[in-house]
Every structure is written in structure tokens, then in C-alpha cells.
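Bear in mind that the values in this text are calculations on the coordinates, not laboratory data. Just so we're clear, the structure is a prediction, and the values are computed from it rather than from any experiment. Cβ: placed from backbone, ideal geometry, glycine included. Neighbour counts: every protein chain shown.
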Amino acid sequence: MPNVVVVGAQWGDEAKGKVVDYLAERAEMVVRYGGGSNAGHTVTTGGEVFKLHLVPSGILHQDVTCVISAGVVVDPAVLVEEIRELKGRGCPLRNLRISALAHVILPYHRVLDQLEERSRSKLAIGTTGRGIGPAYADKAARRGLRMGEFVDDARRPQALRSRLEAANELLTRLYDTEPLDVEAIVCEYDAYADALSAFVCDTAPLVAAAARGAKGVVFEGAQGTMLDVDIGTYPYVTSSHPIAGGACIGTGIGPTGIDRVVGVAKAYTTRVGAGVFPTELTDEIGHHIRERGREYGTTTGRPRRCGWLDAVVLRYSAMHNGLGTLALGHLDVLSGLGRVKIARAYKIGALITDSLPYDLAALEHVEPVYEELEGWSDDISGIASFDALPPACRAYVARVEELVGVPIWAVSVGPAREQMIVLPGRSAGR
Ligand code: GDP
Ligand code: IMO
Ligand code: MG
């Protein structure tokens, strides 16, 4: 019963899409368990690049069922476009299923996301503007619209009108902005409902059955541990539970059904949007990483902030996710740096600590305590076995493993499936 959760161990964009695609090869099903179209998951295969936002990263495997589960917030406009694009590229999507319990992102969620950001002014979170926060807020306030109701022609018109009218009150009275055109939206969303209805069903029994099967399920996390609404760098976080536990909320499986949790991390750290980032580099090295790693957002195109690997963050992540193993990617990006650093602890005033402060405001004042290691200069992107990597690169991987206390299952030296290198004798539990 090899059911595996793939979770981002940092601030997102760790290459979860690539790892899910890799593991999906031998799975029966891939289940995306949280977030919405704020995610951008890249899968590179056969020289082609796919950027997925809502469709699970197993979709390029014809025999794998892909489920968008109850914890996801679905923007129908984005999903319809994503499906159209994938079909246009020869991906049939016969195996896509969408939970009837997943909440719907409507146009006012996007508008409110942007207005709320503007009103935060200097304290703006730097959201993706995709309506994620307002949609999860509606869900928690018990006034959200779910996919099952959305695709029901008898219920949708009234369900949309009442919500759009309430949103217009807010937009005009509180924000003093133009109201949305209710009838135009009702009409536009009829077409989306029509396009999506065939995919919507009760997905939990399907997931439960696949999880009992021999091939098992890969649960695909979105965002990253440090963006989790509870244990991330609040309030500079997203509004869902990217951590591994999120895979057990409404998918059809409980914690005892999970066999292994795979954390995905870059060999350095990146972050998009505002909020603390202790190991951030604003110098030439940060620039080197950004340009060599093409560190620009998959969803918004924003330049990602870049910095050294933070072992304190990874240990915190290992604890909250119960990481059984790590996939450490982007080693190729560190080539040519001469020396490389890893933060092994934080200095807060006179105190040295090797764990993340519980008061995250203290993170603003930490100074990373670095360990410096020898770098490597060779281009490693064509290397296919761990033993063929430069000794300094292998030593770096071994030191990360020691500092984090989690075995590294695989490393990667480039974006393609073939550039994943499994370490001798290691497995992701599949
Ligand atoms: P996700 O959101 O976690 O799925 O990650 P993203 O797709 O947003 O960002 C990861 C980016 O790094 C993508 O552009 C990948 O194609 C790319 N990538 C993945 N693994 C590697 C690697 O080992 N080296 C390099 N240079 N790029 C990689
Ligand atoms: P994937 O799945 C990186 C960040 C945003 C912002 C904060 C809140 O591709 O790793 P939101 O729109 O969710 O309200 O924004 O979270 N963020 C991500 N950063 N990767 C992501 O997804 C992200 N999804 C949200 O930049 O700082
Ligand atoms: Mg991404």
C-alpha cells in the first residue's frame, strides 16, 4: 500500500511537479490536495514543458487517474483554459476527476484579493492575486460555493446570483469600486459549468479504493511548508494547509493510510512575495542563483528571492511533515560558485538556536549561522549517477542529510525527468 505524500519543504516552487510526475509513473492515482491556481507546477518531458496550475502533475501519464480533491479551491475559468490547452497538446484528460466538495473561486474573489492587497499597502503579502485567500475565507465562513452545486444547472443560477449580489454590496460600499455585472457572469459561468460537469463526482471513494490497491496514490502538495496558514511565516502565508497532513483532509484517506512523506527542497532557498527570509542573498550570488536557476514565478512571472539553503527551516519542515525522505533538486544551479553555504543555526541576540523560533516575529531579527563548504565548478546537468557527481557536490548532499536528519532519496541536476538521480540503495517508499 505505497501511498506517498509529496510536500514542498520550503516556500514553494521546490519542483514538486517534477517529483510527482516521476513517482506517478508507477502509481494508480495522483491527488492534488490543496491550494488553487496560485500553484504553478512544471513538468518537463520529451523536451516539452508543461506548466500546471490545477490539473495534477500525473496527467501526462495516460493510465494515471488525476483527482482534484475537496481541499482545493477551483477557479473554473482557469481550469477550463488549462484543460483546453492540455487537450490541444495531445493530452486527452479522460482520467481527470474533480471533487464535488471542492470550493469554487468566483470573479469577486480575485477582485477582493487584489483590493485587500492594495489596502494592506506596505504590509501587502504579495499574493498571486488569484483569489485564494477570499475563497478560503468564504469556505471557513460557510458561505462558499462547491463544485457539486456549481455544475447543477437547477441550482447554479440562484447560487451565483445571491453570492454576486452580496459581493457587489461589499465592492461598492466598502471599497467604493464598480459592481460586477451579475448577469454577464452567470452567463459566462454557465459555459464553464458545462465544460466541467463531466469531471465532477464524489472522489473520496475512488481515492480510498486506489489507496488500498497495489500501485497506490501519490498525494501532490501545492505551495510549501513555510506558506502553511498555521505553521508558516504567518501572516505572509497562503490560506490553506500545504503540509503533509493536508493530504488527509477530505481526500478519502486518513493518516494511517499514508506510507511515506517525501519532502522536496531546492539545494538553496527561494521565496516569492513578502515576508521573512533569513538566508536571502541580495548580492551577486543571489543574482547568480536567480539567473542560472531561471528563478521567475511559474504563475506570475515575478522574480523569486534567492538565498542559501536553510537547514533550520528544513528541520522544522521535517518535524511538521513527518518527512521520511527528501528529494534535493537544483544542484546544477550551485555549480560555479566557488564556495557554498548552509545555514545550520540562527543567532538571535546572544542566543544561538538550531530550531525555528516559535515567535515568528523573532525571525525578523535572526542572523543565520553558516557553514561554508567547498563548491564545484563542473557542469553537472548531464550526469546520470550519484557516484559520477563531483566529490564536493556529493559532500554537500551528505552534509545536508546530516544537518536535516532526513535521508536524501534523490537529487536532481536539471528540470527533466531524466535529470533525477536516485541515490544508491535509496527509495521513496514506492
Ligand atoms: P513546483 O511549484 O514545486 O512544482 O515548482 P515550479 O515548477 O514552480 O518551479 C521549479 C522550476 O525549476 C521549474 O521551472 C522546473 O522546470 C525547474 N527545475 C526542476 N528541477 C530542477 C533542477 O534540478 N535544476 C534546474 N536548474 N531546474 C529545475
Ligand atoms: P507552488 O505550488 C510559491 C505565495 C505567494 C504569496 C503567498 C500568498 O507553485 O509551489 P496566495 O496567492 O496563495 O494568497 O499568496 O504565497 N505562493 C506561492 N509561492 N509557490 C507557490 O505555489 C505559491 N502559492 C502561493 O507568492 O507570497
Ligand atoms: Mg511553482
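Can you give me the C-alpha center-to-center distance between region 289-341 and region 384-430, rounded to a whole angstrom?
14
Just for the chain, what percent of DSSP beta bridges are antiparallel, to the closest 5? Show your work: numbers first, answer last.
On the way: 25 of 60 bridges.
Restricted to the chain, the bridges split so that about 40 percent are antiparallel.
Kindly state, to the nearest 0.05, the FRET efficiency for residue 186 paired with residue 142, given R0 = 25 Å and r defined as their beta-carbon distance. All intermediate terms of the calculation are to be shown ahead of the outcome.
Values: r = 22 Å, r/R0 = 0.90.
For R0 = 25 Å, the calculated efficiency reads 0.65.
Got a sec? How would 25, 295, 149, 220 order by Cβ neighbour count within 10 Å, fewest to most? Write out the running numbers ahead of the final one.
Values: 25 14, 295 22, 149 17, 220 33.
Fewest-to-most ranking of 25, 295, 149, 220: 25, 149, 295, 220.
Neighbour counts of other C-beta atoms within 10 Å: give me 66, 187, 201 arranged from fewest to most. Walk me through the intermediate numbers first.
Details: 66 25, 187 12, 201 17.
Listing 66, 187, 201 from fewest to most nearby Cβ atoms yields 187, 201, 66.
What FRET efficiency comes out for residue 369 versus residue 178 if R0 is 45 angstrom and r is the Cβ-Cβ distance? Round to the nearest 0.05.
Working: r = 52 Å, r/R0 = 1.16.
It comes to 0.30.
Any idea how many Lys pairs in the chain come in under 21 angstrom at the alpha carbon, given 8 or more places apart or on separate chains?
10
As a check on your grasp of the helix formula, calculate [θ] at 222 nm for the chain: sum -39500 (n - 2.57) over DSSP H runs of n ≥ 4, divide by the residue count, round to the nearest 500.
On the way: 11 runs with 121 residues, N = 430.
Taking each H run of at least 4 residues, the total per residue is -8500 deg cm²/dmol.
Calculate, for residue 48 and residue 402, the FRET efficiency according to 1/(1 + (r/R0)^6) with r their C-beta to C-beta distance and R0 35 Å; round to the nearest 0.05.
Efficiency computed from Cβ-Cβ geometry: 0.40.
Treat the count of other C-beta atoms within 10 Å as a stand-in for reagent exposure and order 33, 236 from fewest to most. Working shown, then result.
Details: 33 30, 236 21.
Final ranking by Cβ density, sparse to dense: 236, 33.
How far is it, in nm, from the label point at residue 209 to the one at residue 359 when both lie 7 Å from their Cα along the line to the Cβ?
Distance between the two pseudo-spin positions: 5.4 nm.
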